[in-house]
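Enquirer: Before anything else, here's the structure in question.
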There are 2 protein chains.
Amino acid sequence: MTKSQNGWVKKVSIPKPSLQNNTADAERVLAALKPEIKSENISIDLDLLRDLPGLVREPNSSLNCILCRKNTHWSLIGLSPGEDPSPITGIAVDLGTSRVVLRLVNLCTGNILAENAFDNPQVSIGPDILTRIHHADHPEGQKELRALIIDGLNREILRLCRNCRLEPERIYLSAVAGNTAMTHLFMGLDPKWIIREPYIPVINRPGLVKAADLGLGLNPLARVFIFPNIGSYFGGDLIAGILYSGIHRRDETTLLVDVGTNAEVVLGNKNWLIACAGAAGPALEGGVTKMGMMAGPGVIEQVAFDPGSKQFQITTIDDLPPVGICGSGLIDLAACLFLSGMLDIRGKLVPDRCHGRIREKEGLKHFVVVSSKTSGTGTDLTISQADLDSLIRSKAAMYTILETISQSVGTTLRDLSTFFVAGTFGSFINPHSAISIGMLPDLPIESYRSLGNSSLGGATRFLADSDHLEEIDRIRDSITYLELNVNQEFMNRFSAAKFLPHTNADLFPSVMRKML
Amino acid sequence: MTKSQNGWVKKVSIPKPSLQNNTADAERVLAALKPEIKSENISIDLDLLRDLPGLVREPNSSLNCILCRKNTHWSLIGLSPGEDPSPITGIAVDLGTSRVVLRLVNLCTGNILAENAFDNPQVSIGPDILTRIHHADHPEGQKELRALIIDGLNREILRLCRNCRLEPERIYLSAVAGNTAMTHLFMGLDPKWIIREPYIPVINRPGLVKAADLGLGLNPLARVFIFPNIGSYFGGDLIAGILYSGIHRRDETTLLVDVGTNAEVVLGNKNWLIACAGAAGPALEGGVTKMGMMAGPGVIEQVAFDPGSKQFQITTIDDLPPVGICGSGLIDLAACLFLSGMLDIRGKLVPDRCHGRIREKEGLKHFVVVSSKTSGTGTDLTISQADLDSLIRSKAAMYTILETISQSVGTTLRDLSTFFVAGTFGSFINPHSAISIGMLPDLPIESYRSLGNSSLGGATRFLADSDHLEEIDRIRDSITYLELNVNQEFMNRFSAAKFLPHTNADLFPSVMRKML
């Protein structure tokens, strides 16, 4: 990546004062900057003014000016000698409910300097956001949650800086992408109304705030951009994801799905965007969310089946003896079971075809994926019919959401030429398997494109270009948010999607061919 | 005064949220404000966001919104229930080198609630600004000076609030008018370069800063507007004075003179303004400044002479027995002495005509103003020839500056129909006397208009109307600053003005008539 034309850092030469040019220090700096930013609308932070005379009277006053912008108003927030060897940096933050990822970026070059991830320390209060919001009902609880995430961020930022031999004072800008509730807890805003009718957040567009006001240990004048949300259920993490995917700039209609704690879906092109989130009421409670995904050493992440030998080939994380199975492995496994006839179209295990791998435990069928002889735990690794039922509900919920959003704009899933899959799910899932069980539509495999951590990607983009402020606003404003009403039609679709791959087999011709 | 259309407080009704209108709290407030401010460019301070849900969900959400503006960017800095009985206030500050004056103003009505004045606590470091700037050469000295003025302001603001039974949190806006050096010391900016060639301040337009960043104990989100300066020798106090005088809006060319520590002069009309300050180099060192003016109980402030009885009629402050004489009294006295022939045209005492009031002390003539029998000190109150010489230099400097600035734009002093005299000088001086000794030009007496504390007046104006931001910028930008070069021509004029009333008696026809 090269330095953006619209970066946050501008290098300027400041003319020396003289009896002929006796403009004040601040105004000489601003006069040099105005042509660069093409605006008259700029001021200097007070704390920086206090250092100004020393900086602009150095023999060589070529200066790196670190700028920030709130709507049309620019602020000069930092000055650094033109040849300063220490980089001027920004930090992108994916503020996840479970996991937080930090990325340190050189603001002048756009280069990524380091990355760091850690569990959201608020997990100690509750793994899910709902528990945390209830905990925040008491002001002390809200303070506690805020302190947990802010302290955690400060600790990890410090660690990241130490690894890069960088002073945290060299971080001038941050971009934070999180869901609406996480953003509220991070900013110290009451999240109470997010989960109570009519589900109103305190703010939709937090914009840029001072890092110091948030309690973040960056440069004292650093600013933090917090991605806007559309409402309580469509957060800044998704807006960042859209920015990163670029679907808002494409001619062709594209779908973006991000499966994290929820499944969130955006469909659109440069003219329009429609979005919905998977929190589709009690009917799907725990629907998309229960696929586990907790990856770790020895966890099975890929499964294949050899029809000849009737053996499963499994791949575990770090190639260790298997100890469990994560989401992508489970989808692979379900696909293998279904394609080989061990699972029927209702998703039920067929004992006769399971080659002696069925065990009954507490009245429930279990399928032995790895026997005790080869497992890393010394016991059989099994998947119960209940686990499979849960997966079927998840995949049906996912497909129903995709179908609903497509039909809402009069298109069909098969018309899509590009289908972005973001998040951990997108990185590890095998689209063949997801199609085989009817979780994802039956598109040519090359249509599926994994985006990785698109929230982090979007936050990183922000740090590269000040024009993204407007682009982010445009994205936010062009999205129509589709409330997923769990009505009869939705439930009918959901019921049809609970079959493997689907009651309407015509939707999955490639799967049908494999079954022949 | 009535509430300004462009005040800093807007009263709006915030619609309740509903499933149909599920915009966030912040955006509902902003949507109600945007038509009021006719701008889309507005954000809300983070600390205020934290209180927002509570405020906008009250049964009656008619709210007083306290706004601030930096260029085109508005900030919502305070919210108060529509029917709050406690006033929303601002504080105007005349930040004088010797004396600081505070004025508490109701921001909704423009009414003045209270006023308070105190000696600038920095006087303990040095009575003059030069000593203080040198003291600030050491960072600790600069900190000390800043702490003195900030602590002093906080103490007096608290006192003012206590007298009005007002919480300091109810002060949301302040406007501070001071000279460039005082402004720097107040902001914590290094004043070092103000007095060193090429005499460059750190900043010309400080604009609006957060009170908290300055250390002022107002509302935590309050903003402070600091009047801009033109350079090291033309400060925000004078810009505020021009705003208050209104000369920048008049068709006719008007002169404004403000005599404080220096004499500052502005000449102009709605099309142009030209200004100079009396610090005219070593030739006039202590020139205009040495007239004393330290008023107090028993100090003679007015003097008249009855040619019949040959007696002086004196008026003292608080009608106490006389203990000394201040500037206005001294000018009156000199005028009496000159008109009655006791002082010759060179300003020298004429013993033969002084009715036995001359005493010789240490080889110097002294004139007895009040004998020991009637004075409040038990000793004769006298004025020495040296005191008179010093007054003559002061009056000559003043007249020369006025003449120089007029001639620089091709006009003469006698063409002026209005002559504003600001400051304590303007409030107490008798224009008849000042004309008699040739300190002020010989204009019809009704041309002279006393403005009082015009800096404080300008700061008060700012609190009444947000449009003054632009007006102040326009004033600043339309001023041509005239450097008073002490060249031969200037010295010639100065020499001519050292006579009473002037070498060119034609310039003072009314004085000539009185002498007949």
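Enquirer: Taking 1 over the mean of 1/r across every pair of different Cα atoms in segment B:344-404, what Kirkwood radius in Å do you get?
Expert: Result for segment B:344-404, one decimal place: 13.0 Å.
Enquirer: If you line up the long axis of helix A:488-497 against the longest principal axis of chain A, both from Cα atoms, how many degrees apart are they, to the nearest 10?
Expert: Taking the Cα atoms of chain A, the angle to A:488-497 is about 70 degrees.
Enquirer: Does any residue of segment B:196-210 lose at least 50 Å² of accessible area with all protein chains in place compared with its chain alone, and if so which ones (probe 1.4 Å)?
Expert: For segment B:196-210, once contacts with the other chains are taken into account, B:Pro198, B:Ile200, B:Val202, B:Asn204 lose 50 Å² or more.
Enquirer: In degrees between 0 and 90, to the nearest 10, how far off the longest principal axis of chain A does helix A:46-56 point, with axes built from Cα atoms?
Expert: Rounded to the nearest ten degrees, it is 60.
Enquirer: Then there is this: How large is the dipole of segment B:371-452 about the Cα centre if only Lys and Arg carry +1 and Asp and Glu carry -1, each at its Cβ, rounded to the nearest 20 debye?
Expert: Here segment B:371-452 has a charge dipole of around 100 debye.
Enquirer: Here's something else I'd like to know. Name the residues of segment A:70-86 whose accessible area falls by at least 10 Å² when all protein chains are present instead of the chain alone, probe 1.4 Å?
Expert: A:Lys70, A:Asn71, A:Thr72, A:His73
Enquirer: With the contact rule set at Cα under 8 Å and sequence spacing of 6 or more, what percent relative contact order holds for segment A:1-84?
Expert: RCO, segment A:1-84: 34 percent.
Enquirer: While we're looking at this one, here's another question. So what is the calculated 222 nm ellipticity per residue for chain B, using -39500 (n - 2.57) for each DSSP H run with n of 4 or more, over all residues, to the nearest 500 deg cm²/dmol?
Expert: That comes out to -10000 deg cm²/dmol.
Enquirer: Within the protein assembly as shown, what percent of beta bridges assigned by DSSP are antiparallel, to the nearest 5?
Expert: About 70 percent, rounded to the nearest 5.
Enquirer: Rounded, prolate or oblate: pick one for segment A:331-479, where a ≥ b ≥ c are the square roots of the eigenvalues of its C-alpha gyration tensor, a/c under 1.5 means rounded, and failing that, prolate if a/b is larger than b/c, else oblate.
Expert: prolate
Enquirer: Simple spin-label model, 7 Å along Cα-to-Cβ: A:Ser86 to B:Arg57 in nm?
Expert: Going from the A:Ser86 label point to the B:Arg57 one covers 4.4 nm.
Enquirer: Also, quick follow-up: Calculate the radius of gyration of the Cα atoms of segment B:1-124 to one decimal place, then report Dmax, the largest Cα-Cα distance, as a whole number, both in Å.
Expert: Here Rg and the maximum Cα pair distance are 17.6, 64 Å.
Enquirer: Do any residues of segment A:5-33 lose at least 40 Å² of accessible area when the full set of protein chains is present rather than just their chain alone, and if so which, with a 1.4 Å probe?
Expert: Listed by number, the residues meeting the 40 Å² cut-off are A:Leu19, A:Asn22, A:Ala24, A:Glu27.
Enquirer: Taking 7 Å along the Cα-to-C-beta vector as the label spot, tell me the A:Ala386-B:Gln488 distance in nanometres, rounded to one decimal.
Expert: Simple spin-label model gives 10.9 nm for this pair.
Enquirer: Which percentage, to the nearest 5, of the DSSP beta bridges contained in chain A is antiparallel?
Expert: Working: 58 of 85 bridges.
If we restrict to bridges inside chain A, about 70 percent are antiparallel.
Enquirer: Further question on the same structure: Given a cut-off of 14 Å, what percent of all Cα-Cα pairs of segment A:413-452 lie beyond it?
Expert: Within segment A:413-452, distances greater than 14 Å cover 39 percent of Cα pairs.
Enquirer: Let me check against my output: what whole-number percent is the relative contact order of segment A:137-256, with C-alpha pairs under 8 Å and at least 6 apart?
Expert: Relative contact order here is 26 percent.
Enquirer: From the cross-link list A:Lys395/A:Lys514; A:Lys270/B:Lys34; A:Lys210/B:Lys70, which pairs have alpha carbons spaced over 23 Å apart?
Expert: Flagged as over cut-off: A:Lys270/B:Lys34.
Enquirer: Could I ask something else about it? Nothing charged except the Cβ atoms of Lys and Arg (+1) and of Asp and Glu (-1): what's the magnitude of the dipole of chain B about its Cα centre? Round to the nearest 20 debye.
Expert: 340
Enquirer: Once you have the Cα-Cα distance between A:Ala304 and A:Asp415, take 0.36 nm times their residue separation minus that, and quote the gain in nm to one decimal.
Expert: Computed gain between A:Ala304 and A:Asp415 is 37.0 nm.
Enquirer: Can you work out the FRET efficiency for the pair A:Lys270 and A:Gln20, with r the C-beta to C-beta distance and R0 = 51 Å, to the nearest 0.05?
Expert: 0.45
Enquirer: Provide the per residue accessible area, probe 1.4 Å, for segment B:40-174, rounded to a whole number of square angstrom.
Expert: 41
Enquirer: Test of understanding: what is the full-extension gain from B:Arg513 to B:Ile345, defined as 0.36 nm times their sequence separation minus their Cα-Cα distance?
Expert: Values: separation 168, 0.36 × 168 = 60.48 nm, distance 1.51 nm.
Difference between extended and current length: 59.0 nm.
Enquirer: Follow-up. For the pairing of chain B with chain A, what total accessible surface becomes buried, with a 1.4 angstrom probe, in square angstrom to the nearest 100?
Expert: Chain pair B/A: roughly 3500 Å² of buried accessible area.
Enquirer: Using amide H atoms built 1.01 Å from N in the peptide plane, name the residues 5+ places from A:Gly376, or on other chains, whose amide H lies under 5 Å from its own.
Expert: Amide H neighbours of A:Gly376, under 5 Å, 5+ apart: A:Val323.
Enquirer: Considering only protein heavy atoms and a probe of 1.4 Å, how much of the accessible area of the protein assembly as shown is carbon and sulfur, as a whole percent?
Expert: 50
Enquirer: I need the Debye-formula profile for segment A:126-220: one equal scatterer per C-alpha, no solvent, reported as log10 I(q)/I(0) at q = 0.13, 0.21 1/Å, two decimals.
Expert: Log10 of I(q)/I(0), two decimals: -0.49, -1.06.
Enquirer: Please give, to one decimal in nm, the separation of the simple spin-label points placed at B:Ser372 and A:Lys373, each 7 Å out from Cα toward the Cβ.
Expert: The answer from the label model is 13.0 nm.
Enquirer: D for the protein assembly as shown, whole µm²/s, Stokes-Einstein with Kirkwood Rh over alpha-carbon pairs at 25 °C and 0.890 mPa s: what number?
Expert: It diffuses with D of about 73 µm²/s by this estimate.
Enquirer: Then there's this: Run the label-point distances for A:Tyr481 please: 7 Å along Cα to Cβ, every other copy, nanometres, shortest first.
Expert: Ordered by distance, the counterparts are at 5.3 nm.
Enquirer: Give me the one-decimal Kirkwood hydrodynamic radius in Å for segment A:71-143, with the sum taken over alpha-carbon pairs.
Expert: Numbers: mean 1/r = 0.0648 Å⁻¹.
About 15.4 Å for segment A:71-143.
Enquirer: While we're here: Rounded, prolate or oblate: pick one for segment B:175-278, where a ≥ b ≥ c are the square roots of the eigenvalues of its C-alpha gyration tensor, a/c under 1.5 means rounded, and failing that, prolate if a/b is larger than b/c, else oblate.
Expert: Oblate, because a/c is 1.5 or more while a/b does not exceed b/c.
Enquirer: Give the long-range amide H neighbours of A:Lys365: residues separated by 5 or more places, or on another chain, with amide H under 5 Å away, using H modelled in the peptide plane at 1.01 Å from N.
Expert: Close amide H contacts, sequence-distant or interchain: A:Gln385.
Enquirer: What FRET efficiency comes out for B:Asp477 versus B:Asp128 if R0 is 22 angstrom and r is the Cβ-Cβ distance? Round to the nearest 0.05.
Expert: FRET efficiency, B:Asp477 to B:Asp128: 0.15.
Enquirer: If you put a point 7 Å past Cα along the Cβ direction, how far is that point for A:Gly152 from the same point in each other copy, in nm, smallest first?
Expert: Spacings between copies for this position, smallest first, are 5.1 nm.
Enquirer: Right, here's the next one. Mind checking the angle between helix B:454-464 and chain B's longest principal axis? C-alpha axes, 0 to 90 degrees, to the nearest 10.
Expert: Approximately 20 degrees, to the nearest ten.
Enquirer: For a label point 7 Å from the Cα of B:Thr315 along Cα→C-beta, name the residues of segment B:432-452 whose backbone N is under 14 Å from it.
Expert: So the set is B:432-433.
Enquirer: How long are the semi-axes of the equivalent ellipsoid of chain B, defined as square roots of 5 times the Cα gyration tensor eigenvalues? Whole Å, largest first.
Expert: Ellipsoid semi-axes (Å, largest first): 49, 24, 21.
The values are calculated or read from the model by the stated rules, or taken from the named source; none is laboratory data. Everything numeric here is computed off the predicted structure, so don't read it as measured data. FYI the Cβ positions are ideal-geometry reconstructions off the backbone, even for glycines, and counts take in every protein chain you see. All accessible areas refer to the heavy atoms of the entire protein, side chains included, with ligands and DNA or RNA removed. Shrake-Rupley method; radii C 1.70, N 1.55, O 1.52, S 1.80 Å.
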